[in-house]
Amino acid sequence: MIDTHCHIDEEAFAPDREEVIARQQAAGVEAMVVPGVNVASIDSVLQVCAAHPNYCYPALGLHPEDVKKDWQVALETIDAAIRAHRSELVAIGEIGLDYYWDKTYKEEQKEVLRRQLATALELDLPVILHNRDATEDILQIVHEIGGRGVFHCFSGSKETARQILEMGFYLGIGGVLTFKNSKLREHLSVVPMNRIVLETDAPYMAPVPHRGERNESQWMVYVAESLADVYKCSVECIIDTTTANAKHLFGIK
Ligand code: NI
């Protein structure tokens, strides 16, 4: 299994990060992609990935929730780090739009997304996209600029899934799939297995039966079990397919 979205650099893992990583390796997690969210995470992401070469793979980007008054300086700083570390990075992310918490910087969020998508195109990197309550705008902007990547933590409609697939993007599937009342299982009927990657968004979004706990990559097996049920195939088949998809998308050997 590859965890395509794991914030292992975050504070929640500070007390026992090395133990957590060792536990994932022992449980069969092959690799994890560690996305950045702001200026502070440039160092934290690069450090944890440098300490775990060929296991933790870094991405850098400015998350929409971190688009504030100082967004121009933040974006310039992150852009410079992306260019300086281009050869280590497997993606730009996480980037996107989030209108759920705060719409104050809605226009700035769009501008930041456009610029980061353009940088990803220029540097030939995939993007890790975050979308919350902004589906129409994000689809429109990604369509306008182009590129490749993944819509992380996908939980949208069949129609949204179709549009994402048409643009050639992947869908990141995590703990949401295991939640009772999740419509996602039904919506995946339009999504071919070769366009899905597994993810946690750890420390957040832990799947059932660990819902509410600090998430960790090995628990993606519960997501894989749900997917096996959706696609009527074995858990091994889900794991093999999603691992191959993740390697292909992020260029992981
Ligand atoms: Ni995230």
Could you pull out the GluC sites (Glu not before Pro) across the range 149-253 that fall in loop regions by DSSP (anything but H, G, I, E, B) with no more than 13 other Cβ atoms inside 10 Å? Glu213
Give me the distance between the Cα centres of the range 1-70 and the range 216-236, rounded to whole Å. 22 Å
Rank the residues His248, His5, His187 as a footprinting-exposure proxy: fewest other Cβ atoms within 10 Å of their Cβ go first. His248, His187, His5
HN-Hα J in Hz across the range 37-51 - Karplus 6.51, -1.76, 1.60, θ = phi - 60°, x for Gly and Pro: 10, 7, 5, 4, 7, 4, 5, 5, 5, 5, 5, 5, 6, 5, 6
Across the range 158-167, in residue order, what do the Karplus-derived ³J(HN,Hα) couplings come to in whole Hz, using 6.51 cos²θ - 1.76 cosθ + 1.60 with θ = phi - 60° and x for Gly and Pro? 4, 5, 5, 4, 4, 5, 5, 5, 4, 7
Mind checking which of Cys56, Cys233, Cys153 has the largest fluctuation in a GNM of the chain, springs on alpha carbons under 10 Å? Cys233
Taking r as the C-beta separation of His85 and Glu19 and R0 as 35 Å, the FRET efficiency to the nearest 0.05 is 0.85
Quick one: if the Förster radius is 35 Å, what FRET efficiency do Ala51 and Ala244 give, using the C-beta to C-beta distance and rounding to 0.05? 0.85
³J(HN,Hα), Karplus 6.51/-1.76/1.60, whole Hz, each residue of the range 129-145, x for Gly, Pro: 9, 10, 9, 9, 6, 9, 4, 4, 5, 5, 4, 5, 5, 5, 5, 5, 8
Quick check on the range 142-206: take the gyration tensor over C-alpha atoms, sort the square-rooted eigenvalues as a ≥ b ≥ c, and tell me if it's rounded (a/c under 1.5), prolate or oblate. oblate
Cβ under 14 Å from Trp71's Cβ, Trp71 left aside: what net charge do those residues give with Lys, Arg +1 and Asp, Glu -1? -4
On average, how much area does the Cα convex hull of the chain cover when viewed from any direction, in nm²? 12.2 nm²
Which number do you get for Rg(Cα) / (2.2 N^0.38 Å) in the range 59-148? 0.99
Using 0.36 nm per residue of separation minus the Cα-Cα distance, give me the extension gain between Glu213 and Glu108 in nm, one decimal. 34.5 nm
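Since every read-out is calculated from the coordinates, none of them should be taken as a lab result. All of these numbers come straight from a predicted model, not from anything done at the bench. Ideal geometry is used to build each Cβ from the backbone, glycine not excepted, and the neighbour counts take in all protein chains shown.
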